[in-house]
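K.L.:
Before I ask anything, let me first share the structure, which is written out below as structure tokens.
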Amino acid sequence: MRTSPDNGIASDNPEETNQSNSPILFQLPVDCRTDEGGTPDCLIQNYKDHDTTRTSFKDFSCGPRGYDGHTGTDFRVLDDKRYRDGIAVFAAADGRVSRIEGREPDGLYLENQPAAERRNPAGNVVLLQHDFGYRTLYAHLKKGSVTVEPGDYVKAGDVIGFVGLSGFTEFPHLHFEIRRKTARTEFVDPFSFQGNETCVEERSKKQRLWSDDNNPSLQYQDTRTKSGWLGEKPKSRELNNPDKPKVLLGQSDIAIYWVQSFHQTTEQELLLKIKDSSGNLLSKHQCAFESFKAQTLCFVGVRLSSLGLTGRNQDEILQKIYGEHELRSK
Ligand SMILES: [Zn+2]
């Protein structure tokens, strides 16, 4: 009887548990961690474009997660504190370093700098050369974080830098790209090894080039949210820069509870509420969108003076009020 890994029955035939007939497999290239509930602190914001026209996009599962012409996989990090501490980027396979760039500053794109000052779209990069004509590119690395030099040999899993905000990037992420040199250089999607023409069932693991395909960070995740408090109206650009100083809760008279959602569909809406410690509703707001959104921002606020909470710090305020949000079907 043939068994597949998908039906929960382990197969002892390596040809059936291994993803494809590729001579090379890649491991997760970034240090995403998974909480006790199995939720990773990264998400794949953009996949490689499988649409062959110049005007539209589809990911390997025919979904909308990405943009026209995207050549790699974008691993977005959601934990700001871990980002500031440094999230390691790993060599995805054994190889040799063929190129690095490490001096590009972080965050210029989010600072609205003129294009002329942003000379390098990929920012800080490492390019690795592997066997069988494969190369991997790691882009937008943090300034000064690249730990390898051209000519170095690395093993899969070696740290080669940290996730950053260099180059043309709107949020902290690793752009990971696989190239294969044949007659010309082609971009290979590790989620769909066999090419672009047909949509691949998401669970068709034989199409994949991942060595750790069951890693939660490599799954097609449900819509994710991220939330927090500020003492000012949030702007996406600033929220997307963990290094950017912000007006914190308690530093002004307004208390804003904000929620970002990622990959929100038209069937969903976000409902935000601020309540007092007795559960009484103080303020609410909902956000829905007419088209699929890679990223949204929704927020709701109250005045601290109206609640008698002036002059308290964030921890003290959050003993008196709390925020909750729900992503629900319309
Ligand atoms: Zn990218």
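The values are calculated or read from the model by the stated rules, or taken from the named source; none is laboratory data. No experiment lies behind these values; they were computed from the predicted model shown. Please note: Cβ atoms are built from the backbone with ideal geometry, for glycine as well, and neighbour counts cover all protein chains shown.
K.L.:
Surrounded by fewer than 20 Cβ atoms within 10 Å (Cβ to Cβ), within 16 Å of the ligand (Cβ to nearest atom) and among the hydrophobic types (A, V, I, L, M, F, W, C), is that true of PHE168?
P.N.:
Against the criterion (surrounded by fewer than 20 Cβ atoms within 10 Å (Cβ to Cβ), within 16 Å of the ligand (Cβ to nearest atom) and among the hydrophobic types (A, V, I, L, M, F, W, C)), PHE168 qualifies.
K.L.:
Now for a different question. Restricting attention to the stretch 221-244, does a residue exist that is within 16 Å of the ligand (Cβ to nearest atom), buried (at least 16 other Cβ atoms within 10 Å of the Cβ), at pLDDT 95 or above and not assigned by TED's automatic domain parsing to the domain that holds TYR83?
P.N.:
yes
K.L.:
Which residue pairs have Cβ atoms under 9 Å apart, sit 6 or more places apart or on different chains, and have a first residue in the stretch 101-115 that is touching a residue at least 60 places away in the same chain (Cβ under 8 Å) and a second that is among the aromatic types (Phe, Trp, Tyr) and assigned to a loop (DSSP other than H, G, I, E, B)?
P.N.:
TYR109/PHE168; LEU110/PHE171
K.L.:
While we're here: Based on what the data block shows, is ASP49 surrounded by 14 or more Cβ atoms within 10 Å (Cβ to Cβ), part of a loop (DSSP other than H, G, I, E, B) and without any contact (Cβ under 8 Å) to a residue 24 or more places away in the chain?
P.N.:
So ASP49 fits the description; yes.
Here's the yes/no breakdown for (1) part of a strand (DSSP E or B); (2) more than 17 Å from the chain's Cα centre (by Cα):
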site	(1), (2)
GLY144	no, yes
GLU149	no, yes
GLY161	yes, no
ARG180	yes, yes
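K.L.:
If you take the residues of the stretch 68-96 that are part of a strand (DSSP E or B) and away from the ligand (no atom under 14 Å from the Cβ), which of them is surrounded by the most Cβ atoms within 10 Å (Cβ to Cβ)?
P.N.:
GLY95
K.L.:
In the stretch 122-142, what count of residues is obtained for those that are assigned to a strand (DSSP E or B) and crowded, with 18+ Cβ neighbours inside 10 Å?
P.N.:
Selection size over the stretch 122-142: 13.
K.L.:
Among the residues of the stretch 175-188, how many are at pLDDT below 95 and more than 12 Å from the ligand (Cβ to nearest atom)?
P.N.:
So the count comes out to 8.
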